[in-house]
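Asks: Below are the structure tokens for one structure; questions will follow.
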Amino acid sequence: MQSKTFSRYESRYFYALVALGALFVFLGYLAMHTMEEHGHIVTGMNNQIVWGIPHVFAIFMIVAASGVLNIGSIGTIFGQKPYKARSPLAGLVAIALLVGGLAVLMLDLGRPDRIIIAATHFNPTSVFAWNIFLYSGFFTLAALYLWTMLEKRMNVWSKPVGLAMFAWRVILTSGTGMIFAFLVVRQAYGSALLPPMFIVLSFAWGMAVFLVVQAAMYAWNNKTLDPAILSRMKNLLGLFVVSSLYLVAIYHMTNLYFAKQTGFEYFILRDGGTYPMVFWAGYVLLGSLLPLALIYLPSRVNSKVVVSASLLVIIGSFALLYVFILGGQAYPLSIFPGYEVSSSFRDGEIAKYAPSLPEIMLGVGGLAIAFLITIISTRVINSIPHDAAAVAKNDD
Amino acid sequence: MNEVNLDTKPNLDRRDFLTKSSIGLAGLAIAPGMMLFDLAHGRAQDEAVSNKVRWGMLIDNTKCESGCNDCVTACNTENGLSGGTKPTDSQWIRKVQLKDTLTGHVSSLPMMCQHCEHPPCVDVCPTQASFKRADGIVLVDKHICIGCRYCVMACPYQARSFVHEVLTDQKTEVPRGKGTVESCTLCVHRIDKGGTTACAEACSKAGHEAILFGDLNDPESAISKRIRSVASIQVRADLGLNTGVRYEGI
């Protein structure tokens, strides 16, 4: 009965959601327009903190985009049937997230009107320039990957294309990590651990986003996911969250061990006010330990628990990126080691930053773009996973 | 007519001779002057920048007066900066107060773009808007800077500023623009006319002589002689960037 009532209003719900998404995209557009007209003075950014909250949104979406495709890879390359059934949906969500992330990244530029210059003037030594190439390749490969999966005649190509996609994705997320790893003078960055850390984080964040999208689709279509499949995916999310926590811990421990870095670590983990709080409460507790408890504590596998755990992982990812990007810039550069310094340019001071409404709206606008692309494309393209009965059990 | 012509011919020859010889003499007289002018002015407008010179500065920390801000003021005036010190205001040069944490010794020095031989800002710039001229000056091409701020993140000296607001009253010789990154240009517009930097000039005028500007590649230049005879350092020399700005007395 529920199903009938649902389908009668289904179309209306759909358009209402599209309208809601469009509203937030429009608010993002207004934010972009304000920033374009007045400059970054309307944001909380300044000359000490040059990358603000838009980068948190953008990097979350770009890293998660790569991670979502991991689900496709598990299916296509490693031949896991329950994951193979999810590859088309993974491909769509990945493209949606990358579009959203790149939109935020580009519109946060000082001169977004000049974005074409990024294509006409290429600097081979810039990891940013490599990323422009990696992102466009990602789109091409993801589109090709979808085609090989959705068009029956092309199915034979899905494995080689999937393999290329897998390699490309690993390089792309390494590239995102390298943006920070190459910043040798910043205490927070300049670590070779960052590219692998970003790859593992992408697995966790991508899986979390996918589980939320999947649960929404199943609820929308009034379908129930095979508990065996849900249980497998839930356990994999748990494994990814533990691995992420491990790499984040190693990253901080190596820093703590280097005398020159301890000041920064004390700041980020203990003395830095908001940053330690967001790190411990946001990332460690809410974003890692609580979802792990939900995942591993013995209870009946149910969708609500998995969705709650996934949403917590997503909240944790924003907390981690906030501390990493903003906290990393807030701590002053060590220009004169061994000296206490001060100047009108705030040398030696902890930089202050409070995100403003326009920059938050720009980030939310990017999420809204990803949301719109996801709900429209999943309606247009048949991407809901079709599981053969007891497939999961046979595979286990 | 013919007679006249015949008569005037030797006259013309003599005139011709006088003209040519005076041009020659004038040339001989002017040439050394022109050569001196050339030496003093570095290079002609249509001549390409050469790596035969490397512009740099030596800053004597012991001569830099703690309360003096003349170099900063001169830079602001020269380049049309507002002189504001809000976190969003551009500061191409700033006075940094230093206190040795172990000994308590206090000093101050001007800090600006160090014009590295291997500038991290140039490495990371996606569009090659950050570039290094052949003569060692690190600049930003305001026409192709997209405002990504990656160079600001990469600079070890916090020397770069991002233009956060619409600008008015700009200097024609110093192009700037909202949404782009900027930093000390080593007063490139003055150097190209054979001048010195505004900060060095202001420091001399104030009687401190703490900033010495010159060609690091010319062994006979005052700066080269000075760095040969006294101990000077590069800030964060451990990074291996080979800065064009050096400090003595830190």
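Asks: May I ask you to sort A:W168, B:W92 by Cβ crowding, counting other Cβ atoms within 10 Å and putting the fewest first?
Replies: Numbers: A:W168 19, B:W92 24.
The order, fewest Cβ neighbours first, is A:W168, B:W92.
Asks: Using 0.36 nm per residue of separation minus the Cα-Cα distance, give me the extension gain between A:A219 and A:I250 in nm, one decimal. Mind dumping the intermediate values first?
Replies: Details: separation 31, 0.36 × 31 = 11.16 nm, distance 3.91 nm.
Length difference between fully extended and current span is 7.3 nm.
Asks: Still on this model: Can you list, largest first and rounded to whole Å, the semi-axes you get for segment B:67-163 by taking the square root of 5 times each eigenvalue of its Cα gyration tensor? If you can, show how the numbers build up before the last one.
Replies: Numbers: eigenvalues 133, 58, 33 Å².
The three semi-axes for segment B:67-163 are 26, 17, 13 Å.
Asks: How big is the dipole moment of segment A:1-122 about its Cα centre under a simple scheme where the beta carbon of each Lys and Arg is +1, that of each Asp and Glu is -1, and everything else is neutral? Debye, nearest 20, please.
Replies: The dipole magnitude comes to about 700 debye.
Asks: Sticking with this one: Can you tell me the length gained on complete extension of the stretch B:N51 to B:A237, counting 0.36 nm per residue apart and subtracting the Cα distance?
Replies: Values: separation 186, 0.36 × 186 = 66.96 nm, distance 2.22 nm.
Length gained, B:N51 through B:A237: 64.7 nm.
Asks: Moving to a separate point now. Which residue, A:G137, A:G366, A:G287, has the most motion in a Gaussian network model of chain A that connects Cα atoms within less than 10 Å?
Replies: Of the options given, A:G137 has the highest mean-square fluctuation.
Asks: Something else: Using Cα centres only, tell me the gap between segment A:37-111 and segment A:215-288 in whole Å.
Replies: 18
Asks: So what's the Cα pair-distance distribution over the protein assembly as shown, bin width 10 Å, in %?
Replies: 3, 14, 22, 21, 15, 10, 7, 4, 2, 1, 1, 0, 0
Asks: Okay, moving on. So what does log10 I(q)/I(0) come out to for segment B:55-248 at q = 0.11, 0.15, 0.16, 0.19 Å⁻¹, using the Debye formula with one equal point on every Cα and no solvent?
Replies: -0.48, -0.92, -1.06, -1.51
Asks: Less than 13 Å apart at the alpha-carbon level, and either on another chain or at least 8 residues along: which aspartates and glutamates does that give for B:K63?
Replies: The reachable aspartates and glutamates, counting only those whose Cα sits under 13 Å from B:K63, are B:E209, B:E248.
Asks: Tell me the label-point distance for the pair B:T103, A:R300, using the 7 Å Cα-to-Cβ offset, in nm and rounded to one decimal.
Replies: 7.5
Asks: Here is a follow-up. Rounded to the nearest 0.05, what FRET efficiency do A:V156 and B:D141 give with R0 = 56 Å and r taken as the Cβ-Cβ distance? Could you check? Intermediate values should be presented prior to the final figure.
Replies: Numbers: r = 49 Å, r/R0 = 0.88.
The value I calculate is 0.70.
Asks: Here's another thing I want to ask about it. Nearest 10 degrees is fine. How inclined is helix A:303-321 to the longest principal axis of chain A, computing both from alpha carbons?
Replies: With both axes taken from Cα atoms, the answer is about 20 degrees.
Asks: Using alpha-carbon pairs under 8 Å, 6+ residues apart, how would you state the relative contact order of segment A:16-395 in percent?
Replies: Values: 562 pairs, mean separation 118.6, N = 380.
Relative contact order for segment A:16-395 comes out at 31 percent.
Asks: Hey, could you pull the Cα Rg and Dmax for segment A:95-164, both in Å?
Replies: Taking only Cα atoms of segment A:95-164, I get Rg and Dmax of 15.2, 46 Å.
Asks: Here's a follow-up. Per residue, how big is the convex hull of segment A:298-396 when only Cα atoms are used? Give it in Å³.
Replies: It comes to 235 Å³ per residue, whole-number rounded.
Asks: Can you work out the FRET efficiency for the pair B:F131 and B:S204, with r the C-beta to C-beta distance and R0 = 22 Å, to the nearest 0.05?
Replies: Step by step, r from the Cβ atoms, then E = 0.15.
Asks: Taking only DSSP H segments of four or more residues, each worth -39500 (n - 2.57), what value at 222 nm results for chain A once the sum is divided by all its residues, to the nearest 500 deg cm²/dmol? If you can, show how the numbers build up before the last one.
Replies: Values: 15 runs with 263 residues, N = 396.
The helix-only estimate for chain A comes to -22500 deg cm²/dmol at 222 nm.
Asks: Kirkwood hydrodynamic radius, computed over distinct alpha-carbon pairs, for segment A:16-395: how many Å, to one decimal? Before the final figure, lay out each step's value.
Replies: Numbers: mean 1/r = 0.0463 Å⁻¹.
Evaluated over segment A:16-395, this radius sits at 21.6 Å.
Asks: Could I ask something else about it? May I have the pair-distance distribution P(r) for segment A:1-81, computed from all Cα-Cα distances with 5 Å bins from 0 and rounded to whole percent?
Replies: 3, 11, 10, 12, 12, 13, 14, 11, 7, 5, 2, 0
Asks: Gain in length, B:E65 to B:K193, computed as 0.36 nm per residue apart minus the alpha-carbon separation, to one decimal in nm? Write down the numbers at each step before the final one.
Replies: Numbers: separation 128, 0.36 × 128 = 46.08 nm, distance 2.93 nm.
Working it through step by step, the gained length comes to 43.2 nm.
Asks: Mind putting a number on the dipole of segment A:68-213 about its Cα centre? Charges go on the C-beta only, +1 for Lys and Arg and -1 for Asp and Glu, and I need it in Debye to the nearest 20. Mind dumping the intermediate values first?
Replies: Values: 10 positive and 3 negative charges, 80 e Å.
Charge dipole of segment A:68-213: 380 debye, to the nearest 20.
Asks: Cut-off is 10 Å between beta-carbons; in what order do A:H38, B:H105, B:H115 appear when sorted fewest neighbours first?
Replies: Numbers: A:H38 15, B:H105 10, B:H115 27.
Result, fewest neighbours first: B:H105, A:H38, B:H115.
Asks: Treating only the Cβ of Lys, Arg, Asp and Glu as charged (+1, +1, -1, -1), what charge dipole size does segment A:16-395 show about its Cα centre? Round to the nearest 20 debye.
Replies: On the way: 21 positive and 14 negative charges, 259 e Å.
In debye, rounded to 20, segment A:16-395 gives about 1240.
Values quoted throughout were computed directly from the atomic coordinates according to the rules given, and no laboratory measurement underlies them. This is a predicted model, so every value here is computed, not measured. Here the Cβ is made from the backbone with ideal geometry for all residues, glycine too, and neighbour counts use every protein chain on show.
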